[in-house]
Amino acid sequence: QVQLVESGGGLVQAGGSLSVSCRGFGRSFSGDSMGWFRQAPGKEREFVAAITSEGDKLDYADFVKGRFIVSRDTAKNTVSLQMNSLEPEDTGVYYCVADYYPTRLRRGIPTTWGQGTQVTVSS
């Protein structure tokens, strides 16, 4: 079964750091762009960050630039998101995503979604 499984969410105080990771199962995701979306309570799901299959291009939402870092380990079939200087507004469920086409991922319609991991930032 092809799936993405996230881990690493949790509770952190504002100003702190947290890392979430995602591992792909069922096939290699080496040819896919991978990334992260998030959904806060009562809000629509939104793009956070993405990295191309070669790892040579990174894309970030404006609200996380300079604070979050996306990376991947193709050999391990994983993608990670290091989150620094966290704010209460960063609270939400973080979803790992993957798609062969970067533009489709960026538009919020990637082929594969993880089940999500909760990140809560307290003030």
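A few remarks follow.
A quick yes/no check of all residues on (1) closer than 16 Å to Cys96 by Cβ; (2) aromatic (Phe, Trp, Tyr); (3) without any contact (Cβ under 8 Å) to a residue 12 or more places away in the chain:
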{"site": "Val2", "(1), (2), (3)": "yes, no, no"}
{"site": "Gly8", "(1), (2), (3)": "yes, no, no"}
{"site": "Val20", "(1), (2), (3)": "yes, no, no"}
{"site": "Phe29", "(1), (2), (3)": "yes, yes, no"}
{"site": "Arg67", "(1), (2), (3)": "no, no, no"}
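- Residue in the stretch 36-43 that is open to solvent by 20 Å² or more (accessible area, probe 1.4 Å), over 20 Å from Ala14 (Cα atoms), modelled with pLDDT of 95 or more and assigned to a strand (DSSP E or B) present: no
- You will find that of Thr78, Thr52, Thr91, Thr111, the residue that is open to solvent by 20 Å² or more (accessible area, probe 1.4 Å) and in contact with a Cys (Cβ under 7 Å, 6 or more places away or on another chain) is Thr78 and no other.
- Subset of the stretch 1-28 that is touching a Leu at 6+ places or on another chain (Cβ under 8 Å) and over 28 Å from Glu87 (Cα atoms) - its residue that is surrounded by the fewest Cβ atoms within 10 Å (Cβ to Cβ): Phe25
- The test for being acidic (Asp, Glu), without any contact (Cβ under 8 Å) to a residue 24 or more places away in the chain and more than 26 Å from Ser122 (Cα to Cα) holds for Glu54.
- Qualifying positions in the stretch 94-107 - touching a strand residue (DSSP E or B) at 6+ places or on another chain (Cβ under 7 Å) and surrounded by fewer than 19 Cβ atoms within 10 Å (Cβ to Cβ): Arg106
- Cβ-Cβ under 8 Å pairs, at least 6 apart or on other chains, the stretch 71-83 side in contact (Cβ under 8 Å) with a residue 40 or more places away in the chain, far side in a helix (DSSP H, G or I) and open to solvent by less than 50 Å² (accessible area, probe 1.4 Å): Met83/Val64; Met83/Asp90
- Residues of the stretch 69-123 that turn out to be part of a loop (DSSP other than H, G, I, E, B) and under 17 Å from Ala50 (Cβ atoms), as a count: 9
The values are calculated or read from the model by the stated rules, or taken from the named source; none is laboratory data. This one's a predicted model, so the numbers in the text were calculated from it and none came from an experiment. With ideal geometry, Cβ positions are generated from the backbone for all residues, glycine too; neighbour counts draw on all protein chains shown. With ligands, DNA and RNA removed, areas are computed over all heavy atoms of the protein, side chains included. Shrake-Rupley method; radii C 1.70, N 1.55, O 1.52, S 1.80 Å.
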